[in-house]
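One structure is given here, and the rest of the page talks about it.
The values are calculated or read from the model by the stated rules, or taken from the named source; none is laboratory data. In this text the structure is predicted, and so the values were computed from the model without any measurement. With ideal geometry, Cβ positions are generated from the backbone for all residues, glycine too; neighbour counts draw on all protein chains shown. Side chains included, ligands, DNA and RNA excluded: accessible areas come from the protein's heavy atoms. Shrake-Rupley method; radii C 1.70, N 1.55, O 1.52, S 1.80 Å.
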Amino acid sequence: EVGLLARSFNDMSADLALQDRYRSVLHAVADPAVAQRLIHDRQMLGGVQTQVTTLFCDIRGFTALSEQLPPPAVVEIINQHMTALTEVAYQQGGTVDKFVGDMIMVLFGAPESSPDDAERAVRCAMAMKQARLRLNEHSPLPLEIGIGIATGTVIAGCMGSEKRLNYTVLGHSVNLAARLCGIAAAGQILIDQATLDLLPASVRAQPQAPVRLKGISEEVICHSVQSAGEATA
């Protein structure tokens, strides 16, 4: 009986250790907020409609710059950059959706929403600019970033194949945020009208000339953020 008890205890310990390993891997490949929801809420695998403010940020001209450096140096610079921007996103309550090359996609409103999602997204963008400036003080390759933000109703859920899923969002505003990021100048934060309408008066933004964006039929009016005012509690 003692032997059976010992084996049972060892089996239980092994199972717990395996669960810890699975949990650590899941946290490494998914945003922690998403990982926790996936562990405790299987309904999250399905899709839901919700309002989300989506932020895209990428490096201006990084492809050309990276060709001047050896691959290990490129990876080191990207990892340092993404680590800093991810920390900023978490500080503002954002969910890191994915990394694509030198681009980071951050959600405000999924899987958890709050009344100030749009404001948090803009504050995140401003903080990302500051984080990049601090990195540039010691980086062998100073970099510039451009940011696009848009708000709208999206479908959020785990999407992909039967063997590989990714928690993400789909919708017009997601495409719009990506397009705004694509046309943003170095150091510029472009937001759509829907995002501006949700921001407090303390946020200053300058209207831009209407633009035509790929995949969007109508002209888009966007605004360039100048300041985000005082931080909220």
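Does any residue in segment 49-61 that is on the phi < 0 side of the Ramachandran plot and free of Cβ contacts under 8 Å to residues at least 40 places away in the same chain come within less than 9 Å, Cβ to Cβ, of a residue that is acidic (D, E) and part of a strand (DSSP E or B) six or more places away or on a different chain, and which pairs are these?
none
Being modelled with pLDDT under 95 and open to solvent by less than 50 Å² (accessible area, probe 1.4 Å) narrows it down to one residue among G229, G148, G160; which is it?
Working: G148 fails: modelled with pLDDT under 95; G160 fails: open to solvent by less than 50 Å² (accessible area, probe 1.4 Å).
Sole residue among the options that is modelled with pLDDT under 95 and open to solvent by less than 50 Å² (accessible area, probe 1.4 Å): G229.
Being open to solvent by 10 Å² or more (accessible area, probe 1.4 Å) and assigned to a helix (DSSP H, G or I) is the filter; apply it to segment 177-202 and report the residue that is nearest to A156 (Cα to Cα).
Selected residue: A178.
Any residue at all in segment 83-95 that's out of contact with any Phe, Trp or Tyr (no Cβ under 7 Å at 6 or more places or on another chain), open to solvent by less than 10 Å² (accessible area, probe 1.4 Å) and over 20 Å from D58 (Cβ atoms)?
For segment 83-95, residues out of contact with any Phe, Trp or Tyr (no Cβ under 7 Å at 6 or more places or on another chain), open to solvent by less than 10 Å² (accessible area, probe 1.4 Å) and over 20 Å from D58 (Cβ atoms): absent.
Can you name every residue in segment 153-196 that is of a type in the set (D, E) and touching a residue at least 40 places away in the same chain (Cβ under 8 Å)? Lay out the reasoning, then the answer.
Taking segment 153-196 and keeping what is of a type in the set (D, E), we get 162, 192.
Passing the criteria: only D192.
Name the single residue that is farthest from C222 (Cα to Cα) among those in segment 170-201 being out of contact with any Lys or Arg (no Cβ under 7 Å at 6 or more places or on another chain) and of a type in the set (D, E, K, R).
Of segment 170-201, the ones out of contact with any Lys or Arg (no Cβ under 7 Å at 6 or more places or on another chain) are 170-178, 180-185, 188-201.
Narrowing the set further to residues that are of a type in the set (D, E, K, R) leaves 192, 197.
Values: D192: 5, D197: 12 Å.
Looking at the filtered set, the residue picked out is D197.
Just give me the residues in segment 89-105 being among the aliphatic types (A, V, I, L, M) and either modelled with pLDDT of 95 or more or touching a helix residue (DSSP H, G or I) at 6+ places or on another chain (Cβ under 8 Å) (or both), in sequence order.
Of segment 89-105, the ones among the aliphatic types (A, V, I, L, M) are 89, 96, 100, 103-105.
A89, V96, M103, I104, M105 - these are the residues of segment 89-105 that are among the aliphatic types (A, V, I, L, M) and either modelled with pLDDT of 95 or more or touching a helix residue (DSSP H, G or I) at 6+ places or on another chain (Cβ under 8 Å) (or both).
Whether any residue in segment 101-115 is in contact (Cβ under 8 Å) with a residue 24 or more places away in the chain, open to solvent by 20 Å² or more (accessible area, probe 1.4 Å) and under 11 Å from M128 (Cα atoms) is what I want to check.
The initial filter retains those residues of segment 101-115 that are in contact (Cβ under 8 Å) with a residue 24 or more places away in the chain, namely 101-113.
Okay, now just the ones that are also open to solvent by 20 Å² or more (accessible area, probe 1.4 Å), so 101-103, 111-113.
From what's left, under 11 Å from M128 (Cα atoms): none.
Looking for residues that are in contact (Cβ under 8 Å) with a residue 24 or more places away in the chain, open to solvent by 20 Å² or more (accessible area, probe 1.4 Å) and under 11 Å from M128 (Cα atoms), one finds none in segment 101-115, hence no.
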